[in-house]
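One structure is given below, encoded as structure tokens.
The values are calculated or read from the model by the stated rules, or taken from the named source; none is laboratory data. Bear in mind the structure is a predicted one, so any value in this text is a computation, not a measurement. When we count neighbours, we look across all protein chains shown, and the Cβ atoms used for this are built from the backbone with ideal geometry, even at glycine. Side chains included, ligands, DNA and RNA excluded: accessible areas come from the protein's heavy atoms. Shrake-Rupley method; radii C 1.70, N 1.55, O 1.52, S 1.80 Å.
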Amino acid sequence: MHSKSGITNIEADPAFKTELESRGVRNLTKCMQCMRCGVGCPVAHAMDFTPTQIIRMAILGMKEEIFASKTIHLCSACNTCTTRCPMEIDVARTMDTMKEMSVESGFEPAERNSVKFNDIFMNVVRARGRVNEPLLFGHYKMKTGTYFDDMEIGMDMIKKRKIKFSPKAAGRDEVRKIIDRFRHKI
Amino acid sequence: MNSVEEHKKFAYYPGCSLKSSAAEYDHSAKAVLGKLGVELVEIPGWTCCGATSAHSLSHDLSIALPYRNLALAEPAGLDIVAPCASCYNRLKVAESTVLSDPAEKDKMDQAVERSYGGKISTLNILEVIVDRVGIDSVMRLVVKPLSGLKVVSYYGCLLARPPKLLGTSNPDNPVELDDLMAAVGAESLFWSYKTDCCGAGHAMARSDIVITLVDKLRDMAIEAGAEAFVTACPMCQTNLDMRQTSASGERLPVFFFTELMALAMGMKEAEGWLSKHIVSPFPLLKKLNII
């Protein structure tokens with residue numbers, strides 16, 4: 001909310017930091033904003049907040065802003081930030097944790113297709129025990145309406161016989177139970 | 001069986017990619033390991049490790065899916081080799097998570113209804129070849145050195161990071177692939193992008209990010225003087241092979257390192273594997289009289 005002075009008042013959630021800690025995020029408040037995570041991030045160019053900013057926002061309890069950000073979904077989990085953080089904050093794990101919390105709370109994600117892709121990936125693994133690439137690609141295109149993206153690549157894959165229907169795995173019933181136990185519905 | 005032979009016997013976790021779009025990595029890895037005297041026993045009933053998607057949705061799920069495979073493999077008493085960098089990474093993260101935290105282990109034992117106690121562990125394929133078999137053994141099997149082949153070794157993220165969980169000794173400058181390329185007569189050029197990210201799991205939903213990162217890697221590889229990439233990760237190989245754009249420069253072939261080892265070892269099957277690549281490596285290999 002903007003005041004006359006131009007200073008933005010944020011709706012902070014002081015419990016957010018505690019919630020992250022209870023989910024295994026360590027050392028969060030040790031962040032000294034050295035920006036090594038932000039400058040080393042290979043995907044920062046596509047993000048709306050750098051990882052450094054997101055860590056600060058997490059400490060301040062800016063849950064809504066974080067859940068609405070592109071950043072948490074665009075983290076590629078390359079772990080460059082985690083490796084370089086001098087205060088031993090697992091930044092990539094923190095991103096995952098916030099992504100999980102946002103999905104759990106039913107928040108409309110800024111990168112809807114990324115969340116859909118992960119959900120469809122899990123549907124395929126749930127049904128077959130293993131990834132089946134033609135099913136994954138087909139379901140993804142149907143659910144997102146991106147039928148005409150990557151047509152050329154699809155044709156190349158077919159020509160080179162890269163697309164294979166792999167068989168169902170013997171342990172798929174166990175995998176289904178595991179996924180049903182832990183997955184949050186989106 | 002004596003201890004030397006036992007030392008070179010592993011449980012094999014191929015993972016989903018090697019059974020579909022990266023089948024040439026599965027075939028070449030098995031052929032090369034076989035030639036090096038490594039015996040592989042595929043883990044019976046293995047299932048998906050969850051890859052990028054599980055850890056994006058649920059931390060518990062990202063541990064439970066690989067945990068099931070660790071538990072399946074443990075009774076045979078053999079360490080696991082996982083050629084896929086992503087599978088390797090997820091299996092290692094699961095191992096270290098449950099072995100460092102009894103509460104996590106209890107949770108996984110209940111959810112998976114199987115148990116893993118840390119008697120075996122997971123290795124990546126570079127560790128198996130370089131540490132367990134040895135570069136000397138590789139050199140002894142070279143019948144056709146890959147003279148004149150200039151490559152950059154591209155390790156990507158998942159073999160290197162996070163170093164504390166994986167036990168990586170040099171996460172910014174790994175050398176195993178470079179050493180193996182030298183052993184088979186190729187020239188592995190130094191560059192600063194060995195462990196940079198290719199965009200990984202964004203390939204479908206945000207292919208623009210992958211294209212940006214892949215084109216940068218390609219530009220830097222060319223600047224280093226390379227004519228091809230060498231990888232040890234199916235996701236890196238797929239992204240590099242499929243997403244280089246031709247607008248800003250030539251597209252470089254992207255080899256699995258095991259394919260190049262097989263060529264140097266004189267394996268005829270290699271040409272069949274290479275024919276599956278999107279960027280054809282044949283013009284380059286013919287120019288250098290390698291095939």
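Residues in the range A:124-134: is at least one modelled with pLDDT of 95 or more and more than 10 Å from chain B (Cβ to nearest Cβ)?
Taking every residue of the range A:124-134 in turn, at least one turns out to be modelled with pLDDT of 95 or more and more than 10 Å from chain B (Cβ to nearest Cβ).
Filter the range A:78-127 for residues that are part of a helix (DSSP H, G or I), under 20 Å from A:Leu20 (Cβ atoms) and among the aliphatic types (A, V, I, L, M) and give the result.
Across the range A:78-127, the qualifying residues are A:Val91, A:Ala92, A:Met95, A:Met98, A:Met101, A:Val103, A:Val115.
Looking at B:Gly156, B:Gly167, can you tell me which residue is at pLDDT below 95, closer than 30 Å to A:Met87 by Cα and either assigned by TED's automatic domain parsing to the domain that holds B:Ile222 or crowded, with 20+ Cβ neighbours inside 10 Å (or both)? Can you show your working first?
Values: B:Gly156 fails: at pLDDT below 95.
Unique residue meeting the criteria: B:Gly167.
Search the range B:178-195 for residues that are open to solvent by 60 Å² or more (accessible area, probe 1.4 Å) and pair each with any residue that is among the basic types (Lys, Arg) when their beta-carbon atoms are under 7 Å apart and the residues are at least 6 apart or on different chains.
B:Glu187/B:Lys150
Of all residues in the range A:16-50 being in contact (Cβ under 8 Å) with a residue 60 or more places away in the chain and open to solvent by less than 60 Å² (accessible area, probe 1.4 Å), which is farthest from the chain's Cα centre (by Cα)? Give the steps one after another, and end with the answer.
So the first thing to find is which residues in the range A:16-50 are in contact (Cβ under 8 Å) with a residue 60 or more places away in the chain, and the list is A:19-20, A:23-28, A:48.
Applying the additional criterion that residues be open to solvent by less than 60 Å² (accessible area, probe 1.4 Å) yields A:20, A:24-25, A:27-28.
Working: A:Leu20: 15, A:Gly24: 17, A:Val25: 16, A:Asn27: 21, A:Leu28: 19 Å.
Across the range A:16-50, the extreme among qualifying residues is A:Asn27.
Return the residue satisfying two criteria in turn: it lies in the range B:70-93 and is more than 18 Å from the chain's Cα centre (by Cα) and within 14 Å of chain A (Cβ to nearest Cβ), and of such residues it is nearest to B:Glu39 (Cα to Cα). Even if it seems obvious, please write down each step before you answer.
First, the residues of the range B:70-93 that are more than 18 Å from the chain's Cα centre (by Cα): B:70-78.
Still in the list and also within 14 Å of chain A (Cβ to nearest Cβ): B:70-73.
Working: B:Leu70: 19, B:Ala71: 20, B:Leu72: 18, B:Ala73: 15 Å.
Within the range B:70-93, the match that is nearest to B:Glu39 (Cα to Cα) is B:Ala73.
With the condition being touching a residue at least 60 places away in the same chain (Cβ under 8 Å) and hydrophobic (A, V, I, L, M, F, W, C), I'd like the helices (runs of 4 or more DSSP H) fully within the range B:25-106 carrying at least 2 qualifying residues. Steps first, please.
Numbers: elements: B:51-57, B:59-73, B:85-100.
It comes to B:85-100.
Of the numbered conditions (1) more than 7 Å from chain B (Cβ to nearest Cβ); (2) surrounded by 17 or more Cβ atoms within 10 Å (Cβ to Cβ); (3) touching a Lys or Arg at 6+ places or on another chain (Cβ under 8 Å), A:Met87 fails exactly one; give the number of that condition.
Unmet for A:Met87, out of (1) more than 7 Å from chain B (Cβ to nearest Cβ); (2) surrounded by 17 or more Cβ atoms within 10 Å (Cβ to Cβ); (3) touching a Lys or Arg at 6+ places or on another chain (Cβ under 8 Å): (2).
Quick test for you: out of B:Leu263, B:Leu252, B:Leu240, pick the one residue that is buried (at least 24 other Cβ atoms within 10 Å of the Cβ), in contact (Cβ under 8 Å) with a residue 24 or more places away in the chain and within 14 Å of B:Tyr154 (Cα to Cα). Break it down stepwise before answering.
Working: B:Leu263 fails: within 14 Å of B:Tyr154 (Cα to Cα); B:Leu252 fails: buried (at least 24 other Cβ atoms within 10 Å of the Cβ).
Only one candidate passes the filter, namely B:Leu240.
Picking from B:Ala262, B:Ala221, which residue would you name as being at pLDDT 95 or above, under 21 Å from the mean Cα position of the chain (by Cα), farther than 18 Å from B:Glu176 by Cβ and of a type outside the set (Asp, Glu)?
Just a single option satisfies the conditions, and that option is B:Ala221.
For (1) open to solvent by 50 Å² or more (accessible area, probe 1.4 Å); (2) more than 19 Å from A:Ile72 (Cα to Cα); (3) at the interface with chain B (Cβ under 9 Å from one of its Cβ atoms), each residue gets a yes or a no:
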site: A:Thr82; (1), (2), (3): no, no, yes
site: A:Ser105; (1), (2), (3): yes, no, no
site: A:His139; (1), (2), (3): yes, yes, no
site: A:Asp150; (1), (2), (3): no, yes, yes
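Step by step: first the residues of the range A:51-61, then only those that are out of contact with any Asp or Glu (no Cβ under 8 Å at 6 or more places or on another chain) and among the aliphatic types (A, V, I, L, M), then the one that is most open to solvent (accessible area, probe 1.4 Å). Which residue is that? Talk me through it step by step, then tell me what you get.
Pass one, the range A:51-61, residues out of contact with any Asp or Glu (no Cβ under 8 Å at 6 or more places or on another chain): A:51-56, A:58-60.
Of the ones still in play, those that are also among the aliphatic types (A, V, I, L, M) are A:54-55, A:58-60.
Details: A:Ile54: 0, A:Ile55: 4, A:Ala58: 0, A:Ile59: 38, A:Leu60: 87 Å².
Across the range A:51-61, the extreme among qualifying residues is A:Leu60.
Tell me which residues, restricted to the range B:72-83, are touching an Asp or Glu at 6+ places or on another chain (Cβ under 9 Å) and open to solvent by less than 10 Å² (accessible area, probe 1.4 Å).
Residues satisfying the conditions are B:Ala73, B:Val81, B:Pro83.
In this structure, is B:Thr212 among the hydroxyl-bearing types (Ser, Thr, Tyr), more than 22 Å from A:Arg161 (Cβ to Cβ), surrounded by fewer than 23 Cβ atoms within 10 Å (Cβ to Cβ) and at pLDDT 95 or above?
Numbers: among the hydroxyl-bearing types (Ser, Thr, Tyr): yes; more than 22 Å from A:Arg161 (Cβ to Cβ): yes; surrounded by fewer than 23 Cβ atoms within 10 Å (Cβ to Cβ): yes; at pLDDT 95 or above: yes.
Spelling it out, B:Thr212 is indeed among the hydroxyl-bearing types (Ser, Thr, Tyr), more than 22 Å from A:Arg161 (Cβ to Cβ), surrounded by fewer than 23 Cβ atoms within 10 Å (Cβ to Cβ) and at pLDDT 95 or above.
Going by the structure shown, is A:Val39 closer than 23 Å to B:Lys216 by Cα, within 14 Å of chain B (Cβ to nearest Cβ) and either in a loop (DSSP other than H, G, I, E, B) or among the β-branched types (Val, Ile, Thr) (or both)? Even if it seems obvious, please write down each step before you answer.
Values: closer than 23 Å to B:Lys216 by Cα: yes; within 14 Å of chain B (Cβ to nearest Cβ): yes; either in a loop (DSSP other than H, G, I, E, B) or among the β-branched types (Val, Ile, Thr) (or both): yes.
Spelling it out, A:Val39 is indeed closer than 23 Å to B:Lys216 by Cα, within 14 Å of chain B (Cβ to nearest Cβ) and either in a loop (DSSP other than H, G, I, E, B) or among the β-branched types (Val, Ile, Thr) (or both).
With (1) at the interface with chain B (Cβ under 10 Å from one of its Cβ atoms); (2) within 16 Å of the chain's Cα centre (by Cα); (3) surrounded by fewer than 19 Cβ atoms within 10 Å (Cβ to Cβ) as the list, and A:Cys78 as the residue in question, which single condition is left unmet?
Going through (1) at the interface with chain B (Cβ under 10 Å from one of its Cβ atoms); (2) within 16 Å of the chain's Cα centre (by Cα); (3) surrounded by fewer than 19 Cβ atoms within 10 Å (Cβ to Cβ) one by one, A:Cys78 breaks only (3).
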